[in-house]
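Derivation of every value follows stated rules applied to the coordinates shown; laboratory data play no part. Fair warning: this is a prediction, and the values are worked out from it, not measured in the lab. With ideal geometry, Cβ positions are generated from the backbone for all residues, glycine too; neighbour counts draw on all protein chains shown.
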Amino acid sequence: MRRFYILAIGTLLTLGALAGTALAKEGAITKLDALPAGGLHAGQMIPIGFTILMDGVEPYKADVAEIVIRNGTGKVLSYPGTPQGPAGHYVANVYFPAAGTYTWQVTQGTFFAPYELGTVAVFGPVTASETQATPAAAPATNDPLSQAIPLFAGLVALGGAIRLAQLLRSHRRISAAA
């Protein structure tokens, strides 16, 4: 009997942990505004706009917002974002010192982990004859699978909790009859 209660309590704790994880929010993501159509060029300040979204939906006003870039040798440069426009939208004036490939990320405040933006290719400095085109619209992405997984896990945990309650009730009936 004691073993049964230990098993029941362990199962409930496990289901509770799984349900908590399943229902937990995914954190924050950052969506960049459209980048210049001609690409990013070294040797100039480029205003890069971005929006921090809590749970991928709600704009988040971060206490610290910045873009951090790293070149191939590991040199790190940080550019603070200033609030501009709607809530959760920031603009950072980023300077790439030389042409090459950089990795970059956005600091999304002190509560959320930095959001990795991947790598970006930076072209050489712009000559006087080149002109900058207007920014192109960034494609919108939506991942329905990331929304379905927590829902499914929550349903599984709920079903497990109901089944465990049924087992406990039937066990009590058997104990009371004996």
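Points worth noting:
- Summarising the label geometry, the points placed 7 Å from Cα in the beta-carbon direction at D63 and K75 lie 3.2 nm from one another.
- Region 37-78 residues near the modelled Y95 label - backbone nitrogen below 13 Å, point 7 Å along Cα→Cβ: 42-47, 77-78
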